[in-house]
Amino acid sequence: MDNNRKNDKEVTMKRQIIKIDAEKCTGCGDCITGCPEGAIQMIDGKARLVSDLFCDGLGACIGTCPVGAIDIEEREAEAYDEAKVIANIIPHGINTIKAHLTHLKAHGETTYYNQALEYLKQAGYDTASLQEAPACNCPGGNSKTLTPQSSGTSSPAVTGSELRQWPVQLHLINPGADYFDNADLLISADCVPYAYGDYHRRFLSGKIVITFCPKLDKDLDRYIDKLAEIFKTHTIKSVTIVRMEVPCCGGTEIIVQKALEKAAKMHFVKINIVSIDGKII
């Protein structure tokens with residue numbers, strides 16, 4: 001373990017973490033898209049928090065649970081302790097252990113991954129078998145080489161930019177900007193323009209765009225406030241969301257939903273989901 005991780009262990013803090021009532025959970029899976037971090041996975045027919053490490057306590061998944069099986073608890077905890085986390089996971093069974101290990105590996109948490117294997121080895125588990133055929137995967141963290149899609153012509157047309165305003169990042173946008181008046185609003189996850197080649201013509205044309213990342217951006221509460229202010233102070237003609245298929249990107253929808261609720265506005269929201277190989281699902 002490196003020195004930074006050791007120092008983290010010495011720090012305690014009160015932090016919020018989601019808590020799932022397994023008895024209430026019906027296994028519907030609605031909460032999966034409500035978790036920006038991809039920290040919830042379906043294991044043996046139940047929603048499970050597979051790693052405290054990736055739960056920010058925002059509670060975006062709470063509103064998606066139809067039976068009220070998800071809540072937030074606040075407890076005194078060290079910044080992170082893999083041994084404690086894996087000890088809590090073990091009672092849920094082999095599939096949940098495998099899911100946790102895969103989750104750590106997919107996000108590049110090699111130190112924590114090795115700590116988990118060492119703990120399991122000392123607890124008498126066959127760690128080699130635990131690393132085989134993982135029960136689940138977090139597609140948002142997987143590496144994949146994609147083949148560019150051909151336009152089907154020998155001289156593909158050059159498409160001009162359809163961008164109608166600047167800036168586009170929600171962090172920088174002024175909610176009072178005049179270009180939001182009577183706007184057709186496109187709310188786009190950051191990765192979509194890289195995955196979908198016809199982004200400008202298919203989605204951006206004629207729209208005012210707002211872009212952010214529900215997984216990596218930090219101040220999501222501020223994003224909700226900004227969007228709510230836009231909805232409250234401007235007449236918005238239409239709202240379109242375009243996001244990636246990975247679970248963490250589902251937070252885009254949750255943030256827009258919370259902003260509309262905060263603004264006390266109702267809008268029909270058209271949602272487009274793009275696969276990581278550039279197809280509309």
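The values are calculated or read from the model by the stated rules, or taken from the named source; none is laboratory data. None of these values were measured; they are calculated from a predicted model. No Cβ is skipped: glycine too gets one built from the backbone with ideal geometry, and neighbour counts run over all protein chains shown.
Which residue is nearest to Ala39 (Cα to Cα), if the candidates are limited to the range 184-212 and must be in contact with a strand residue (DSSP E or B) (Cβ under 7 Å, 6 or more places away or on another chain) and surrounded by fewer than 17 Cβ atoms within 10 Å (Cβ to Cβ)?
Our first condition is that a residue be in contact with a strand residue (DSSP E or B) (Cβ under 7 Å, 6 or more places away or on another chain); within the range 184-212, this holds for 184-192, 195-196, 203-204, 206-212.
Subsequent filtering for residues that are surrounded by fewer than 17 Cβ atoms within 10 Å (Cβ to Cβ) retains 184, 206.
Working: Asp184: 33, Gly206: 36 Å.
Out of the qualifying residues, it is Asp184.
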Which residue pairs have Cβ atoms closer than 7 Å, lie 6 or more positions apart in sequence or on different chains, and pair a first residue in the range 236-247 that is in contact (Cβ under 8 Å) with a residue 40 or more places away in the chain with a second residue that is crowded, with 20+ Cβ neighbours inside 10 Å and hydroxyl-bearing (Ser, Thr, Tyr)? Ile241/Thr252; Val242/Ser188; Arg243/Thr252; Pro247/Thr33
Restricting to the range 1-21, what's the tally of residues that are at pLDDT 65 or above and among the β-branched types (Val, Ile, Thr)? 3
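With the condition kept exactly as written, say whether any residue in the range 204-212 is free of Cβ contacts under 8 Å to residues at least 40 places away in the same chain and either under 21 Å from Trp166 (Cβ atoms) or not assigned by TED's automatic domain parsing to the domain that holds Ile62 (or both). Spell out the reasoning first.
Of the range 204-212, the ones free of Cβ contacts under 8 Å to residues at least 40 places away in the same chain are none.
No.
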Is one or more of the residues making up the range 225-239 farther than 27 Å from Ile276 by Cβ, in contact with a helix residue (DSSP H, G or I) (Cβ under 8 Å, 6 or more places away or on another chain) and not in a helix (DSSP H, G or I)? yes
Mind checking which pairs have a first residue in the range 256-281 that is in contact (Cβ under 8 Å) with a residue 40 or more places away in the chain and a second that is among the basic types (Lys, Arg), Cβ under 7 Å, 6 or more apart or different chains? Ile276/Lys144
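Answer yes or no as to whether Lys24 is at pLDDT 80 or above, in a loop (DSSP other than H, G, I, E, B) and of a type in the set (Lys, Arg). Reasoning before the result, please.
On the way: at pLDDT 80 or above: yes; in a loop (DSSP other than H, G, I, E, B): yes; of a type in the set (Lys, Arg): yes.
Yes.
This table checks each residue for (1) outside any strand (DSSP E or B); (2) under 14 Å from the mean Cα position of the chain (by Cα).
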| residue | (1), (2) |
| --- | --- |
| Gly206 | yes, no |
| Gly250 | yes, yes |
| Ile254 | yes, yes |
| Ile271 | no, no |
| Asp277 | yes, no |
